[in-house]
Each structure stands twice: as C-alpha cells, then as structure tokens.
1. From the set of residues in segment 48-85 that are of a type in the set (S, T, N, Q) and touching a residue at least 24 places away in the same chain (Cβ under 8 Å), which is farthest from Arg19 (Cα to Cα)?
2. What tally of residues in segment 294-315 results from selecting those that are of a type outside the set (D, E, K, R) and either in contact with a Leu (Cβ under 8 Å, 6 or more places away or on another chain) or crowded, with 16+ Cβ neighbours inside 10 Å (or both)?
3. Is it fair to say Ala44 is of a type in the set (A, V, I, L, M), over 22 Å from Asp187 (Cα atoms) and in the same structural domain as Ala184 (by TED's automatic domain parsing)?
4. Is it the case that segment 251-260 has a residue that's modelled with pLDDT under 95, within 29 Å of Arg303 (Cα to Cα) and surrounded by fewer than 15 Cβ atoms within 10 Å (Cβ to Cβ)?
5. Residues that are surrounded by fewer than 20 Cβ atoms within 10 Å (Cβ to Cβ), in the same structural domain as Leu34 (by TED's automatic domain parsing), hydroxyl-bearing (Ser, Thr, Tyr) and under 17 Å from Ser20 (Cβ atoms): does segment 168-187 have at least one?
6. How many residues, within segment 79-129, are under 15 Å from Gly181 (Cβ atoms), of a type outside the set (A, V, I, L, M, F, W, C) and either in contact with a Gly (Cβ under 6 Å, 6 or more places away or on another chain) or modelled with pLDDT of 90 or more (or both)?
7. Of the residues that make up segment 159-167, is at least one part of a strand (DSSP E or B) and crowded, with 21+ Cβ neighbours inside 10 Å?
Amino acid sequence: MSARIVEALVDVLFVVTPRSLLLDVAGPAEAFRLANRHLARSGAAPRFGLRYTAANAETESSVGLQLAALEPLPAQLDSPSWLVLVGQPDEVRARADKAMLATVRWLNRTMRPLLLADASLHRLVTICSGTLLAARAGLLGARRCTTHHELLAELRALAPQAQVVDNRVFVLDGALASSAGVTAGIDLSLHLIATTCGDAIAAAVAKDMVVYLRRTPNDPELSPMLAHRHHLHPAVHRVQDAVSANPNGDWDMAALSKAGHVTQRHLLRLFGEHAGVSPLHYLEKIRLERARLSLQHGASVTRAAEAAGFSSDLQLRRAWGRHWGGSPRDAAGPR
C-alpha cells in the first residue's frame, strides 16, 4: 500500500442521479465518515468533507427512500474534490431523463478539463454503472477502468478507446478510480482512505464496518468460490460443492466423477460445456483460493500448501505462477 499521505481536506462529492443505488452512496460515505472519526480519536484533523449534489434538489433512491436538500451541481470545483459517480438500476439507466442528461453535460463541462490537467488535485471515483455515466460524459479517454461484470460489454461500446479490465474489484489509473459495484465501492473507499490517511486508519474502518477482507486492485471481482457456477447442471454443481467443501481431499478424475455420479469422460464434457473449465483446473483454482486465505491469516507457504491440498510448496508455487503470477509470499499476512 502506498505511504503517501494527503494533508488537505478533500471534498467527497457524491453525484446523485435519479434512483441512485443507495448502497453505492451509503457504503463509501460511511467509510469516509468513520475515517474522520478515527482521525479525530487520534488527535488529527478530518480529511473528508461529505457532500451530495444533483441536478434536482430532491430525488428518489433505488429503494424508494427520498434524498432531499441536495446541493446544485457546482459551477466549478475550487478545492480538491473527489467526484463519486454511483450506479442506477438497469431500467432507470436505459431511460435518460432531463436530470440525467443535465448531469452528463455538467460532468463533461466541469470534470473533463480537470481530468486532462497535469497533476490534478481532483479525482473521479466510479462505482458500478457509475463508470458508464463517466463514459457517456466523455471522461474515460484511453484510461484503464472497470465496472460490474454484467456491464463490461456496454462499457466497451460507450468508451471504445478505454482499456476496460475484466474481473477486477477496482482499477486505478491516474485520477480515475473505478470499481465493480456495490460492495466493491467499499473496497475502493478503504483503499483510498489508506492512501490518504494511512493503513492503520483504513484497517480501523474495515474493522468497524465488519469487512472481512480489504481487497486490492489485483483481486478478482468474483471469488473463485463463485466463479464458473453460472449454470444449472446438477452433476457439475455436485462436484463443485464437494471440492469447495473439502479442497484438500484426495481428488483425481476418478474421485471427482464419483462425486458427480457420472463417468470421467462425461464429467470432462459437462465441465467444459457448463463451467468453461476442466474439473482439475477448477480444483486447482479452489485450492489456490484456500491457500491464499491461509497465507493472509499468517500461515507459512508450507502450511498453506498442505491445508489447501497441494502435495508440496513447489506445486503451490507453480500453480500460483500459472494463475496469478508472482509468488505465494506476496499474499502472506503478518507473522
């Protein structure tokens, strides 16, 4: 994590659009509020000023809660500001109303020149389909960015020059910070808190929010425990359930096919058709995830390999390099 500490107060300006996803607003806002509280407890000044702006002074959130007393869209940003663009439900995003069009024009007029400036004090933060809003406003350019996994194709169509990154919790590129959505917005906020206030404050906020693990820009959006499971085939699910429940079991193709109640040849065909990977490839990914969690909880590489079902340290290192690059020691937690 970067040790850079920003001293100036940052205006965190949430740009509220009609039917904004409430958790996209409330999750990050609560993280920044808690960061200020922990800074005060340590005798430091607050770093984040929370503000909420919109084309209309009042609008309805995604869950029907009315959001009122919203600031008008500012004519200019005088102090260091982080503009936070949040998501909307699909059916709302597909019908751009006057408020949405006004917000797009304002973003293009106000934020685009600031993002193009060298050493800008401002940052654009996008959560979920908020990245699509940034694309419509012409703010992405050729930057690296991401969004919710179901919206990646739409983002590529809206911003053909952008480098859209698949399967990432969040992506940082200069003044742009984009996230995959909902809880990933909290992960991104914690990362920004860490780079602004230090790791200790971010860790305290994560503990307050009962966030199990602060993910990084290198982590996949979808846990390996959830990947390759967007199908309905019961035999494949039986094998995946068995492997996930006992990844360090004595698994080979014979044992996997027995768990699925099908032949080995049939299991290979079913996995390729429904999961998009082979059974042994899936097993290796689950074992890697188990090893990664063990390492982050303080296990040695040897112990992590054993707990995950790898036959040796070397087998774990080779699998790690094939899938993720680097070394298992990169994920090791405090000893």
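The values are calculated or read from the model by the stated rules, or taken from the named source; none is laboratory data. Here the structure is a predicted model, which is why all the values come from computation and not from measurement. Note that each Cβ is placed from the backbone with ideal geometry, even for glycine, and that neighbours are counted across all protein chains shown.
1. Here the answer is Ser79.
2. 11
3. It is true that Ala44 is of a type in the set (A, V, I, L, M), over 22 Å from Asp187 (Cα atoms) and in the same structural domain as Ala184 (by TED's automatic domain parsing).
4. no
5. Yes, that holds for at least one residue.
6. Qualifying residue count for the region: 6.
7. Looking for residues that are part of a strand (DSSP E or B) and crowded, with 21+ Cβ neighbours inside 10 Å, one finds at least one in segment 159-167, hence yes.
This table checks each residue for (1) under 28 Å from Glu58 (Cβ atoms); (2) out of contact with any helix residue (DSSP H, G or I) (no Cβ under 8 Å at 6 or more places or on another chain).
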{"position": "Arg105", "(1), (2)": "yes, yes"}
{"position": "Thr110", "(1), (2)": "yes, yes"}
{"position": "Leu115", "(1), (2)": "no, yes"}
{"position": "Leu121", "(1), (2)": "no, yes"}
{"position": "Thr131", "(1), (2)": "yes, no"}
{"position": "Cys145", "(1), (2)": "no, no"}
{"position": "Gln161", "(1), (2)": "no, yes"}
{"position": "Phe170", "(1), (2)": "no, no"}
